Amino acid sequence: MFYRPVYKKLEKRMNEPRRFIQVLAGPRQVGKTTLARQLMNSLPFECHYASADAMGAGDRQWIAQQWEISRLKLSAGKSDTCVLFLDEVQKVPGWSEVVKSLWDEDTFNNLSLKVIILGSSPLLVQRGLNESLAGRFEVTHIRHWSLSEMREAFNISLDEYIYFGGYPGAAELFGDEDRWQSYLQESFIETTISRDILLMTQVNKPALLRQLFYLGCNYSGQILSFQKILGQMQDAGNTTTLAHYLELLAGGGMLCGIYKYAGQEVRRRSSSPKFQVMNMALMSTVVNQNFEQVRANPELWGHWVESAVGVHLINNSIEHGFELFYWRDRGREVDFVVRNRGRLQAIEVKSQKHKTALPGMDAFVKAFKPEKVLLVGSGGMDVEKFLSMDVKQWI
């Protein structure tokens, strides 16, 4: 049985009498298809599953064909409900317009067809929803696996999670790092860039996007200006292009930018981003050191720990809808600032025992008066406890 919390949520919704369009959006390799197939096996009524992955370039008529199969199952009378699962739907050009038309037909004809749409490019899925399906859908964001989920499924340790990250398909390869890296390169990194971003979005400088990804993974947890990044790039570009490519990488669940907290939105958006991988495996895949070497270096391991806290926060922010920032002023810094419904919480990560003073937190508290402050690591909340916690419980 699929144990992730979203499974129980979907199982409960399947038993609701009304029809609906449920969208499951999340990066590759996080278990969306497994969830759908196991959900199908547990449901007491008719289901139909189809994936656009098998179609190549995609065809708008494919959706109509799958929809008609579901309608026929419904009309056969074996059950009064049928659930249609459409996987990788963002690969079909104009998919949201087709779904809207078919959904409205069923509304007119009073057909009780429920639809679950799965997409591995959240940015592209959301774009289609906003264009055509306003008011007709509910989105569930399927994030990368947390420490608690990986530990429950594969019994991994805290240190293994911090280095190897939360890809369930790669868990059995932790003992062979060469195979583990090859798996991630082929099954997630290259597939996401080549099939979910470059083929489906206008990218004029694909080499620049790839360089940005690898550079951002190397500098995860660090603040870099786009201007400084351009100086390290082999391909020419500009800061606007880099900001756009970072948005695309974030939409693919790979790499995002956390921006500075400031009183004005204009100042916030003009700030330099703190780069943040969205799964620790991506940071470890690009480093030229193995697990034992990184773990044996206290300063280097400190960067991994802080980035792991960032991974936990960024994925929780996607799931629960809060905003995540950092703060810096005159050399004083707060690692993470959470804003939820106007309330502020500040988080500092201290992985090394000799780091005692926290002038950045003191300055931030004086300037912005957050509702809560939290120290994670040495002298504060245990890292393992924080990474095992649903951040919603804290905010």
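Consider D159 carefully, then state whether it is at pLDDT 95 or above and either in the same structural domain as Q293 (by TED's automatic domain parsing) or on the phi < 0 side of the Ramachandran plot (or both).
Considered against the rule, which asks whether it is at pLDDT 95 or above and either in the same structural domain as Q293 (by TED's automatic domain parsing) or on the phi < 0 side of the Ramachandran plot (or both), D159 comes out as yes.
Contact list please: Cβ distance under 7 Å, first residue in region 384-395 and among the basic types (K, R), second residue surrounded by fewer than 16 Cβ atoms within 10 Å (Cβ to Cβ), pairs at least six apart or on different chains.
Matching pairs, first to second residue: K392/H320.
Got a sec? Which of F325, F386, F364 is assigned by TED's automatic domain parsing to the domain that holds L255, under 30 Å from E138 (Cβ atoms), among the hydrophobic types (A, V, I, L, M, F, W, C) and surrounded by 21 or more Cβ atoms within 10 Å (Cβ to Cβ)? Steps first, answer last, please.
Numbers: F325 fails: surrounded by 21 or more Cβ atoms within 10 Å (Cβ to Cβ); F364 fails: under 30 Å from E138 (Cβ atoms).
Going through F325, F386, F364 in turn, just one is assigned by TED's automatic domain parsing to the domain that holds L255, under 30 Å from E138 (Cβ atoms), among the hydrophobic types (A, V, I, L, M, F, W, C) and surrounded by 21 or more Cβ atoms within 10 Å (Cβ to Cβ): F386.
Output yes when any residue across region 73-93 is surrounded by fewer than 14 Cβ atoms within 10 Å (Cβ to Cβ), closer than 24 Å to G252 by Cα and not aromatic (F, W, Y), and no when none is.
Here is the first cut: in region 73-93, the ones surrounded by fewer than 14 Cβ atoms within 10 Å (Cβ to Cβ) are 75-78, 80, 93.
This time we only want the ones that are closer than 24 Å to G252 by Cα, so: 93.
Next, from what is left, pick out any that are not aromatic (F, W, Y): 93.
Within region 73-93 (the criterion being surrounded by fewer than 14 Cβ atoms within 10 Å (Cβ to Cβ), closer than 24 Å to G252 by Cα and not aromatic (F, W, Y)), the answer is yes, since at least one residue qualifies.
Do we have E299 as charged (D, E, K, R) and either in contact with a strand residue (DSSP E or B) (Cβ under 6 Å, 6 or more places away or on another chain) or in contact (Cβ under 8 Å) with a residue 60 or more places away in the chain (or both) here? Spell out the reasoning first.
Values: charged (D, E, K, R): yes; either in contact with a strand residue (DSSP E or B) (Cβ under 6 Å, 6 or more places away or on another chain) or in contact (Cβ under 8 Å) with a residue 60 or more places away in the chain (or both): no.
Spelling it out, it is not the case that E299 is charged (D, E, K, R) and either in contact with a strand residue (DSSP E or B) (Cβ under 6 Å, 6 or more places away or on another chain) or in contact (Cβ under 8 Å) with a residue 60 or more places away in the chain (or both).
Could you list, in sequence order, the residues of region 25-53 that are touching a Phe, Trp or Tyr at 6+ places or on another chain (Cβ under 9 Å) and hydrophobic (A, V, I, L, M, F, W, C)?
V30, L35, A36, L39, M40, C47, A50, A52
Identify the single condition in (1) surrounded by fewer than 17 Cβ atoms within 10 Å (Cβ to Cβ); (2) basic (K, R); (3) touching a Lys or Arg at 6+ places or on another chain (Cβ under 9 Å) that K260 does not satisfy, given that it satisfies every other one.
Condition not satisfied by K260: (1).
Show me the strands (runs of 3 or more DSSP E) entirely contained within region 1-87 in which 2 or more residues are assigned by TED's automatic domain parsing to the domain that holds F108, farther than 30 Å from S194 by Cβ and in contact with a strand residue (DSSP E or B) (Cβ under 6 Å, 6 or more places away or on another chain).
Numbers: elements: 21-25, 46-51, 82-87.
The qualifying strands (runs of 3 or more DSSP E) are 46-51, 82-87.
Look through region 192-249, keep the residues that are closer than 30 Å to W327 by Cα and basic (K, R), and return whichever of them is surrounded by the fewest Cβ atoms within 10 Å (Cβ to Cβ).
Top of the filtered list is K228.
Given the criteria within 29 Å of Y167 (Cα to Cα), crowded, with 21+ Cβ neighbours inside 10 Å, at pLDDT 90 or above and touching a Lys or Arg at 6+ places or on another chain (Cβ under 7 Å), does V115 qualify? Let's see the steps before the verdict.
Values: within 29 Å of Y167 (Cα to Cα): yes; crowded, with 21+ Cβ neighbours inside 10 Å: yes; at pLDDT 90 or above: yes; touching a Lys or Arg at 6+ places or on another chain (Cβ under 7 Å): no.
Here the answer is no, as V115 does not meet what is asked.
Restricting to region 7-38, name every residue that is touching a residue at least 60 places away in the same chain (Cβ under 8 Å) and farther than 24 Å from L282 by Cα. Don't jump to the end; show me each part of the working.
As a first pass, look at region 7-38 and keep what is touching a residue at least 60 places away in the same chain (Cβ under 8 Å): 9-10, 14, 19-33, 35-36.
Scanning region 7-38 gives K9, L10, M14, R19, F20, I21, Q22, V23, A36.
Criterion first (farther than 26 Å from V294 by Cα, out of contact with any Asp or Glu (no Cβ under 8 Å at 6 or more places or on another chain), at pLDDT below 95 and not hydrophobic (A, V, I, L, M, F, W, C)) does Q227 satisfy it?
Values: farther than 26 Å from V294 by Cα: yes; out of contact with any Asp or Glu (no Cβ under 8 Å at 6 or more places or on another chain): yes; at pLDDT below 95: yes; not hydrophobic (A, V, I, L, M, F, W, C): yes.
For Q227, the condition - farther than 26 Å from V294 by Cα, out of contact with any Asp or Glu (no Cβ under 8 Å at 6 or more places or on another chain), at pLDDT below 95 and not hydrophobic (A, V, I, L, M, F, W, C) - is met.
The values are calculated or read from the model by the stated rules, or taken from the named source; none is laboratory data. All values derive from a computational prediction rather than experimental measurement. For neighbour counting, all protein chains shown are included, and Cβ atoms are generated from backbone atoms with ideal geometry for every residue, glycine included.
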